[in-house]
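Bear in mind that the values in this text are calculations on the coordinates, not laboratory data. These numbers were taken from a predicted model, which means no experiment stands behind them. Quick reminder, even Gly has a Cβ in these numbers, built from the backbone with ideal geometry, and neighbours come from all protein chains shown.
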Amino acid sequence: MTAPARAAVEATVWQVVGSILPAVPREQIRGDKHPRELGADSVDRVEIVMTLLDQLRIDRPLSDFNDLRDLDHLVTVLLASERN
Amino acid sequence: MPYGIEALNVYAGLACISVPAMFAGRGLDQDRIPNIAMSQRSVGLPFEDPVTNAVNAARPLLDRLDEQARGAVEVLITSTESGLDLSKSVASYVHEYLGLSRNCRLLEVKQACYGATCALQLAAGFLAQSATPGAKALVIATDVALVDERAGYAESATGHGASALLIGDEPTVLALDGGAYGCYSYDVLDSARPTPEFDIADGDRSLFAYLDCLAGSFADYQDRVDNADILSSFQHLALHTPFGGLVRAAHRMLLRPFGLSAPQVESDFARRVAPSLVYPALTGNLCSGSLYLALASVLENSADLDGSASQRIGLFSYGSGCSSEFFSGIIDSRSVAAVRSMGIGDQLASRRELDFAQYLDLLPHSLKALVPRQHAEVELGRWSEYLDADRSLLVHTRTKDYHRAYEWHGPLGSP
């Protein structure tokens, strides 16, 4: 994994989370936060993952994202999916 | 010869509570109600259980049959994740209290919220090879809620009731498209009922499994049906509805490959999907009966169907655990008339609305509905205010040596 690639995916994750949770201040969207901690309900969390797969053109089952620990982990899973 | 649903009825109990009242009572975030997309949920009463729900859904269908047609019911299948015994089936009680022929074949199936759809397909297959002209099957999806504050937001989305389907070769309500189906299943523990007293659920795992199954079962459908696509092949869609917000997300997922604008997606949702959510938004999740409540909702609430020619509907059934099927069929204005005549909307409107304190009073009884007891008496007098003297309903009255006993309340008596 290269640093620029991770930075690009992080930027997309932060942008998508911000768009689906517009009431959350940008500074609160951090890698150590789970979307649930930011106020995302189950439908919001589905929408975050589906939108990211769409924007990053990743074709993976949603169940690959069952056990997310936080946004950093989400970035890691997306990067692993991109490589596959 | 086409097979499918000749008649459809839903019984969703005698009591309900508003979702805002549930949220207020539990101190939940009211801002989440739009994503749940529900306004009420049905609540079980102490004299109701999977048997009474099933019988009370099916009897109005059977009462409309003449003696010969009634005798042609050769198969009874109950679909439930609310079984009363590990051996004796709910179907055996239902068979007795519906007064069906002793030559009728009985079966209970368990496949979470997918069970009734598999039972429908099995029943159609049985009828196709039956030697009896006009043979019919009765499939009844019946369940009760076992949720309290431990279920979090899911408590407000869990329903109580049954959907009854009369299956035969005069499929007025839904003519199945023969051979047009797709399945997708794998092992996951997303939600389950490990004991007769509570449910467990992993929200994200269940929603992701539902959506993966929708994608997988529709892909399998496309492999079997030439040129099928989700945007143009179906004038209507009805999906298993744990809560309306998930169906909305599922519709967005299905349309993503088409690159539509947000207003185009919203317009398509309003036209092809929203009518299916009207009744589920009033009951909560009826488990494997949910899809057939959604079908009834389409037929009674879609403006496109009155006086129209035949139209195709795509249906998706999902059961936790997990298993799923996407299939399709034909509906028309006769389907609308057949379902409208059952008065499902009126029955939903006639439920008694509880406040949160009344709901809490009932909850300990609801949570024990499936617990095996050697002997028990139901205090019917305590709850009689919920029973209408003009409406014939089966009620659970007692249990003796683990054998449940029921009585008919109302003017009609036994069928």
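Couple of notes before you dig in:
- ³J(HN,Hα) computed for each position of segment B:141-158 - Karplus, 6.51 cos²θ - 1.76 cosθ + 1.60, integer Hz, glycine/proline x: 8, 9, 8, 10, 8, 10, 10, 9, 4, 5, 7, x, 5, 5, 4, 6, 10, 9
- Partner chain coverage, peptide A:37-47 - average Cβ within 10 angstrom: 6
- FRET efficiency estimate (nearest 0.05) - Cβ-Cβ, B:TYR402 to A:ALA23, R0 41 angstrom: 0.15
- Taken over chain B, the ratio of Cα radius of gyration to 2.2 N^0.38 Å equals 0.92.
- Only Lys, Arg, Asp and Glu carry charge here, each on its Cβ (+1 for the first two, -1 for the last two); on that basis the protein assembly as shown has a dipole of about 180 debye about its Cα centre.
- With the simple model of a label 7 Å out from the Cα in the direction of the Cβ, B:GLN374 to B:ASP388 spans 4.1 nm.
- Calculated P(r) tail over 42 Å for the protein assembly as shown, as whole % of Cα pairs: 17
- Peptide packing: for B:44-56, B:91-103, the average count of neighbouring Cβ atoms within 10 Å per residue gives the ranking B:44-56, B:91-103, highest mean first.
- Residue order, fewest to most surrounding Cβ atoms within 10 angstrom, among B:CYS118, B:CYS322: B:CYS118, B:CYS322
- In this structure, A:ALA11 and B:THR132 have a Cβ-Cβ separation that, at R0 = 60 Å, corresponds to a calculated FRET efficiency of about 0.35.
- In the protein assembly as shown, a dipole from Cβ-located charges (positive for Lys and Arg, negative for Asp and Glu) runs towards its positive end, and of B:SER366, B:ILE330, B:LEU28 it is B:ILE330 whose Cα lies farthest in that direction.
- Under the span-like rule (Cα at least 30 Å along the axis, Kyte-Doolittle mean at least -1.0), DSSP H helices of chain B: B:203-224
- Mean Cβ count within 10 Å, highest first, over the residues of peptides B:142-148, B:108-114, A:11-17, B:162-168: B:162-168, B:142-148, B:108-114, A:11-17
- Dipole axis of the protein assembly as shown (+1 Lys, Arg; -1 Asp, Glu on Cβ), positive-most option in B:GLY307, B:GLN264, B:THR52: B:THR52
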